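So the structure is just underneath, and the comments pick up after that.
Quick note: the coordinates plus some simple rules give every number you see, no bench work behind them. Just so we're clear, the structure is a prediction, and the values are computed from it rather than from any experiment. Heads up, the Cβs are rebuilt from the backbone with ideal geometry, glycines too, and the neighbour counts pull from every protein chain shown.
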Amino acid sequence: MTDSPRIHLGSLLRSSTEDAHVEGNLDHLQYEQGRTQHTLRFAESAPFEVDVNALGTNEMYLQGTFEPVLVMECARCLREVHVPLEITLGTLLRYEPSVETPYLEEAETGEEMLVFGDPDLDLSAYLAETTLLGAPLSVLHDESCRGLCQVCGHDLNDGPCEHMAQVPVEEIDDELGIPAGSLHAKQNPFASLADLKLPEE
């Protein structure tokens, strides 16, 4: 199991005839967003394979595959949902020694480019962003998921709670829109108007 997906590009930077390759398996990915560390969890070992080829000067091209089973939460009840993804990797790389943290920018061609400064390139942030872009915005563990009680947080898929007591369905009076013969019908201040005949104009 690989702690972080790193690829060594030193020899490739020294010789344009070289290429670089790395493969491994990940059980999670750590990345930073808004100065906060986040973690993507995978339900099983996620294989990745990456090749980098020189394009001349300080530019290269990265391609490969990544097949994680991403652990997400059901949008209604927060149960764990496993989302299998098959991701095709492909991006331009540019080496700039002054860069401390790798970042993505748009190249002149309109393609996305990963700019880095350390020849021992950590691909964690790139793989994390690619995974998030390939994942659905939300998932349900089941299409009929009933969600959580908004009062106590009880999982309604396990049965109703005291806040979801079933109210008997009464016969509805079509004219008044309330249960026929109920107390509300007798006290309805507009009930006496039901038979009122208005003068014709």
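Potential lengthening of the chain between Leu137 and Leu78 amounts to 19.8 nm, from the contour at 0.36 nm per residue minus the alpha-carbon distance.
Counting charges near Asp118 (Lys, Arg +1; Asp, Glu -1) among other residues having Cβ under 14 Å from its Cβ returns a value of -2. Multiplying the residue separation of Asp27 and Arg6 by 0.36 nm and removing their Cα-Cα distance gives an extension gain of 6.1 nm. Working note: Karplus 6.51/-1.76/1.60 with θ = phi - 60° gives region 133-147 the couplings 5, x, 8, x, 5, 8, 9, 10, 6, 7, 4, 9, 3, 8, x Hz, where Gly and Pro are set to x. Measuring r between the beta carbons of Ser45 and Glu111 and using R0 = 35 Å, the FRET efficiency lands at 0.70. Taking 0.36 nm per residue of separation and subtracting the current Cα-Cα distance, fully stretching the chain between Val151 and Tyr61 would add 27.1 nm. Summing +1 for each Lys or Arg and -1 for each Asp or Glu among the other residues whose beta-carbon sits under 11 angstrom from that of Cys77 gives -2.
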